[in-house]
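Q: Sharing a structure here in structure tokens format.
The values are calculated or read from the model by the stated rules, or taken from the named source; none is laboratory data. The model shown is predicted, which means the values in this text are computed figures rather than measured ones. A quick note on method: Cβ atoms are made from the backbone with ideal geometry, for glycine too, and the neighbour counts reach across all protein chains shown.
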């Protein structure tokens, strides 16, 4: 399965942190969300370990590695400080594993 993956951030409402959802998109499926939607990046990484999310089912044992790569790539290209803060927090959560 060769996918051209990237994270796409969706901000909901005016509150911070809990209202930023990170979704995985495949740039080869289309240029615009939601046509290129693959799955939601789980907020809690224990869902990856239990294989109870669509993300974990798609990427199996490589889930944490794929998640971290997507997050690091997104961190380098994200300009919005609120979204960047959410991304950096998730990277720290993975590193704490």
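Q: Tell me, which helices (runs of 4 or more DSSP H) lie completely within the range 19-88 with 1 or more residues that are under 16 Å from residue 3 (Cα atoms) and modelled with pLDDT under 95?
A: Per the criteria, 54-59, 63-77.
Q: Suppose we keep only residues that are at pLDDT 75 or above and part of a loop (DSSP other than H, G, I, E, B) within the range 3-18. Which one would you say is surrounded by the most Cβ atoms within 10 Å (Cβ to Cβ)?
A: Taking the candidates together, the pick is 3.
Q: Condition first: touching a residue at least 40 places away in the same chain (Cβ under 8 Å) and touching a helix residue (DSSP H, G or I) at 6+ places or on another chain (Cβ under 6 Å). Now tell me which residues in the range 64-97 satisfy that.
A: Scanning the range 64-97 gives 66, 71, 74, 78, 87, 90, 94.
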